[in-house]
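Below is one structure, written out as structure tokens; the observations come after it.
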Amino acid sequence: MEIWGIRTRVVRPGDDLVELTIEGAESSKMEIRGGDILAFSSKAVATAMGRLVRLSDVRPSPAAIDLAARHSMDPAFVEVVIREADQILGGVEHALATIKRGILVANAGVDQSNSPPGYVALWPEDPQAAAEGLKASFSRRGLDVGILIIDSRTLPLRMGNSGVAIGIAGFRAVEDLRGKPDLYGRPLRLKRFMVADNLASAAQLVMGETDESRPVALIRDAPVTYGSGYGIGEAYIPPDQCLIMHLLSCRGGRSP
């Protein structure tokens, strides 16, 4: 498997991400081929879709003001997080632990980094639909590619960020390895391999997190199952079936 970051100009609202990606690949002397997977930063997708909020236009609610004071955050920023989050679990200094579209993520995906000054970027309103739209747009240009829309997240008891897929098109997100033998012939009982998140983390290594201006990664010869009809929904697991969330709920959650 090979992965390259694709450098582009700064993404702006209304941009055609497919054209921007093709132009960036050509300027870097890369060729996008059928069967490649293209991983897009969720922020780039959201920006192109106009999913930006100017914080000076946001009026914080009493709940946002209270959470901001408790976690050393901007009340306007917290108000946007409250609006975007499906659930707020708690927080630490400068960040809230939230669930958004079935994913445990900081600040419901709301982010100031690499957003225009004074603005925050949100996730695409429907990341799965956005991934399918990008795939269809490439197909109209004669390119049958897989699509990933990715963001960063933290993992329990681990320092730093890793990648998470929030939208996918053209290949299977999760490979079910249950029943397959291990080295000693014992059948696996629980193992499912989260292909999409692993590719998201690999893509982030070449895309970067600061001022690299590489919002897209080209992934070639990935060990995935290609096909239509796959989506990020197969990656979700209900809280009562999740090892971590189930244990937390059993012990009783702390209010945010």
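The values are calculated or read from the model by the stated rules, or taken from the named source; none is laboratory data. Because the structure is predicted, anything quoted here is derived from the model rather than measured. Using ideal geometry, Cβ is built from the backbone for each residue, glycine included, and neighbour counts are taken over all protein chains shown.
Return the residue satisfying two criteria in turn: it lies in the stretch 235-256 and is over 20 Å from the mean Cα position of the chain (by Cα) and outside any helix (DSSP H, G or I), and of such residues it is modelled with the highest pLDDT.
Filtering the stretch 235-256 for residues that are over 20 Å from the mean Cα position of the chain (by Cα) and outside any helix (DSSP H, G or I), the one modelled with the highest pLDDT comes out as 252.
Has the stretch 202-211 got any residue that is in a strand (DSSP E or B) and either in the same structural domain as residue 247 (by TED's automatic domain parsing) or closer than 18 Å to residue 1 by Cα (or both)?
No, the conditions are met nowhere in the stretch 202-211.
Of all residues being hydroxyl-bearing (Ser, Thr, Tyr) and at pLDDT 95 or above in the stretch 9-41, which is farthest from residue 153 (Cα to Cα)? Just the residue, please.
Going residue by residue through the stretch 9-41, those that are hydroxyl-bearing (Ser, Thr, Tyr) are 21, 27-28, 41.
Among the residues that remain, those that are also at pLDDT 95 or above are: 21, 41.
Details: 21: 24, 41: 13 Å.
Once the filter is applied, the top-ranked residue is 21.
Hey, can you tell me all the residues within the stretch 11-44 that are part of a loop (DSSP other than H, G, I, E, B), of a type in the set (Val, Ile, Thr) and either within 30 Å of residue 81 (Cβ to Cβ) or touching a Pro at 6+ places or on another chain (Cβ under 8 Å) (or both)?
11
Sort through 47, 8 and tell me the only one that's in contact (Cβ under 8 Å) with a residue 40 or more places away in the chain, part of a helix (DSSP H, G or I) and touching a Ser or Thr at 6+ places or on another chain (Cβ under 8 Å). Explain how you work it out, then say what you get.
Values: 8 fails: part of a helix (DSSP H, G or I).
Sole residue among the options that is in contact (Cβ under 8 Å) with a residue 40 or more places away in the chain, part of a helix (DSSP H, G or I) and touching a Ser or Thr at 6+ places or on another chain (Cβ under 8 Å): 47.
Working only within the stretch 149-176, note down all residues that are over 14 Å from residue 129 (Cα atoms) and outside any strand (DSSP E or B). I'd like the intermediate steps shown before the answer.
Filtering the stretch 149-176 for residues over 14 Å from residue 129 (Cα atoms) gives 151-164, 171-176.
Within the stretch 149-176, 155, 156, 157, 158, 159, 160, 172, 173 meet the criteria.
Take the stretch 155-184 and flag every residue that is within 12 Å of the chain's Cα centre (by Cα) and either farther than 25 Å from residue 35 by Cα or among the small types (Gly, Ala, Ser) (or both). Talk me through it step by step, then tell me what you get.
Here is the first cut: in the stretch 155-184, the residues within 12 Å of the chain's Cα centre (by Cα) are 161-168.
Matches in the stretch 155-184: 161, 162, 163, 165, 167.
Does residue 218 fit the bill of being aliphatic (A, V, I, L, M) and exposed (fewer than 13 other Cβ atoms within 10 Å of the Cβ)?
Details: aliphatic (A, V, I, L, M): yes; exposed (fewer than 13 other Cβ atoms within 10 Å of the Cβ): no.
Answer is no for this residue.
What single numbered condition from (1) over 20 Å from the mean Cα position of the chain (by Cα); (2) more than 28 Å from residue 242 (Cα to Cα); (3) of a type in the set (Gly, Ala, Ser) fails to hold for residue 90?
(2)
Being part of a loop (DSSP other than H, G, I, E, B) and either more than 18 Å from the chain's Cα centre (by Cα) or crowded, with 17+ Cβ neighbours inside 10 Å (or both) is the filter here; which residues of the stretch 50-87 pass it? Talk me through it step by step, then tell me what you get.
Residues of the stretch 50-87 that are part of a loop (DSSP other than H, G, I, E, B), as a first pass: 50-51, 58-61, 72-74, 85-86.
Those that are part of a loop (DSSP other than H, G, I, E, B) and either more than 18 Å from the chain's Cα centre (by Cα) or crowded, with 17+ Cβ neighbours inside 10 Å (or both): 51, 58, 59, 60, 61, 72, 73, 74, 85.
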